[in-house]
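The values are calculated or read from the model by the stated rules, or taken from the named source; none is laboratory data. Everything numeric in this text was worked out from a predicted model, so none of it was measured. Because the Cβ atoms are built from the backbone with ideal geometry, glycine has one as well, and the counts that use them run over all protein chains shown. Heavy atoms of the whole protein, side chains included, go into the accessibility calculation; ligands, DNA and RNA do not. Shrake-Rupley method; radii C 1.70, N 1.55, O 1.52, S 1.80 Å.
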Amino acid sequence: MRHPLVRRLRHALLALLLAVAALIPLTTVSAQAAAAPGAGPWHTSGRRLLDAQNQPVRMAGVNWFGFETSNYVAHGLWSRDYRSMTDQMKSLGYNTIRLPYSDDIFKGTTPNGISYANGLNSDLQGLDSLQVMDKIVDYAGSIGLKVILDRHRPDSSAQSALWYTSAVPESTWISDLKALATRYRGNSAVVGIDLHNEPHDPACWGCGDQATDWRLAAERAGNAVLAANPDLLVFVEGVQTVNGKSYWWGGNLAGAGAAPVRLNVPNRLVYSAHDYATSVAQQPWFSDPTFPANMPAVWDEHWGYLFKQNTAPVLLGEFGTTLQAGVDQKWLAALVDYLRPTGTAGADSFAWTFWSWNPNSGDTGGILKDDWQSVDTVKDGYLASIKAPGFATGGSGGGADTTAPSAPAGLTVTGTTASSVSLRWSASTDDTGVTGYDVYRGTAKAGSATGTSFTDTGLTANTSYGYTVRARDAAGNTSAASAPVTATTSGTGGGDSGCTATYKVSSDWGGGFNADVTVKNTGTTATKSWQVTWTWDGSRTISSMWNASYTQTGTTVTATAAAHNGALTPGATTSFGFGATPGGAAVPALTCRAS
């Protein structure tokens, strides 16, 4: 009677040994799988993108457009199989595809421009546009690529300034975004949705107008997306004009620092900018005598500061050029360096998707040449140092420094002349050491210093200027701004001609208001420029200004003429406007000074 017990013990021991043996390789495989970066879903921490294992990852990809056009499908399928195209992207070291689309594809559109000859794209026959998108997304995911879905246009006819049109209202926009978020819930290949491509004038940032305030619209849409699929990243582009200063469509995120997008699900927001070269349009910074050395300050001002201050990750969602002009070649080389080479910065870098994979982008061309097969090796070569195949971090990886220096304290004015202001401040502290300071006159960068003093020159006599200072470290982290100071240059400045300014509230909805200011030259000679200054009776903040730039120190605002409206003949008038919060402001007394 003892043998059955012995047998049972032997069987139990054997079963235990087999179970242990079975667990060892499974545990090893699981650990190896967890070690590979890129597993979804993704989230954010400060300026970093993190995968499901909290490993830092870098998006380094291309835009493959076509779903937003009247073909209702990614372009090039008239020449190649979609799997061959996607395989080639991966082989070149791109790890992300940004897929533009229009809301037309939610109407059951039939794709056109797909070749099925010789077995090409055979599994796409009979599918509608969304079903073809499913196929591309699934195949990209199967070979380790990620996808950003980009709501590029309300319909296939043209880009729109605002996120809605009379034919595609905001309700449709949000409904379609939610449908897309729901469709790809659980599909780890889709990391996020870009809510709307290139908002531009009259779109504003933080003006409070429900019809034009892109920041508020992005919050409404972003929260709707996350309610449907909380695993997605929400990509929010900039606008065109902030505080009277214009930039590329969708590229101006200068207002996001003071007025951030607020989402109900934390760690899902990624800001996205666009930036282009002269093959798209000429801009004043390209003709600056210091070009291309001036470009990092331009990028810092409009979008880079959000990354450098560890506010949020930044995706440069579109940038491109034909590379035909020498200035464009210098621009791209400087931009690649600014985006931080993977070998040195690892995943502590800007994310990016180049415009475009397609060769049929008229003002930029693409990575592919016109035969849809050959690679433009020169253009592709410029991007080599910032690629991240397989989301490998390289370089400093997850151990990178993301701690910003402390804000400079004790900013004071130490002297003024008719054309200069001298400043001094206390040194900032940082875990790895401060390497320099950037001095801002209003919202414009006046210059940099390695020490704790700076003299701003070339100023106008008898004029008030506002200043702040930011510290930066070797990793490119930038501190918050110092407390502001105001200085007034001495002297009369010679040719003052005099002016007056009148102020009129055009709308007031309690939470905010808009106002128009008319400036008139009351002198006997033409003006070169003018400034209007006022002090409010309560705590109010400018949210946007057009046809002028401004500085605000406490409740005092100084508006300065734009380049196009500073010159006024005697008796001539011009105007500028602004939005501010909250409403209910009394009309202040205005001081106008012309030069």
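Miscellaneous remarks
- Looking across segment 63-112, just one residue is open to solvent by 30 Å² or more (accessible area, probe 1.4 Å), touching a residue at least 24 places away in the same chain (Cβ under 8 Å) and on the phi > 0 side of the Ramachandran plot, and that is Tyr72.
- Segment 128-176: number of residues that are part of a helix (DSSP H, G or I) and within 18 Å of Arg220 (Cα to Cα): 7
- Per-region count, segment 336-359, residues of a type in the set (A, V, I, L, M, F, W, C), assigned to a loop (DSSP other than H, G, I, E, B) and at pLDDT below 95: 1
- Taking the criterion of being within 27 Å of Gln531 (Cα to Cα), of a type outside the set (A, V, I, L, M, F, W, C) and modelled with pLDDT of 90 or more, the only residue of segment 423-445 that qualifies is Arg424.
- The single condition among (1) in contact (Cβ under 8 Å) with a residue 60 or more places away in the chain; (2) closer than 21 Å to Gly257 by Cα; (3) surrounded by 15 or more Cβ atoms within 10 Å (Cβ to Cβ) that Tyr440 does not satisfy is (1).
- Ser544 out of contact with any Ser or Thr (no Cβ under 9 Å at 6 or more places or on another chain), in a strand (DSSP E or B) and either surrounded by fewer than 22 Cβ atoms within 10 Å (Cβ to Cβ) or at pLDDT below 90 (or both): no
- When Trp299, Trp249 are checked against the criterion of being under 28 Å from Gly436 (Cα atoms) and touching a strand residue (DSSP E or B) at 6+ places or on another chain (Cβ under 8 Å), Trp299 stands alone in meeting it.
- Leading residue by the ranking (most open to solvent (accessible area, probe 1.4 Å)) among those in segment 511-534 that are touching a strand residue (DSSP E or B) at 6+ places or on another chain (Cβ under 8 Å) and modelled with pLDDT under 85: Gly511
- Options Ala297, Ala273: the member that is outside any loop (DSSP other than H, G, I, E, B), in contact (Cβ under 8 Å) with a residue 24 or more places away in the chain and touching a His at 6+ places or on another chain (Cβ under 9 Å): Ala273
- Among strands (runs of 3 or more DSSP E) entirely within segment 446-510, having at least 1 residues that are at pLDDT 85 or above and either within 15 Å of Ser406 (Cα to Cα) or under 30 Å from the mean Cα position of the chain (by Cα) (or both) singles out 453-456, 464-473, 485-488.
- With respect to being surrounded by fewer than 19 Cβ atoms within 10 Å (Cβ to Cβ), touching a Leu at 6+ places or on another chain (Cβ under 9 Å) and under 27 Å from Gly38 (Cβ atoms), Asp337 falls outside the description.
- If the condition is being open to solvent by 10 Å² or more (accessible area, probe 1.4 Å) and under 18 Å from Gly250 (Cα atoms), then segment 303-325 contributes only Tyr305.
- Hits in segment 402-427 - residues which are part of a loop (DSSP other than H, G, I, E, B), more than 26 Å from Thr290 (Cβ to Cβ) and among the hydroxyl-bearing types (Ser, Thr, Tyr): Thr402, Thr403, Ser406
- Selected residue (only one of Val505, Val469 is surrounded by fewer than 20 Cβ atoms within 10 Å (Cβ to Cβ), of a type in the set (Val, Ile, Thr) and on the phi < 0 side of the Ramachandran plot): Val505
- Test: residue in segment 124-136 that is modelled with pLDDT under 95, out of contact with any helix residue (DSSP H, G or I) (no Cβ under 6 Å at 6 or more places or on another chain) and buried (at least 16 other Cβ atoms within 10 Å of the Cβ): no
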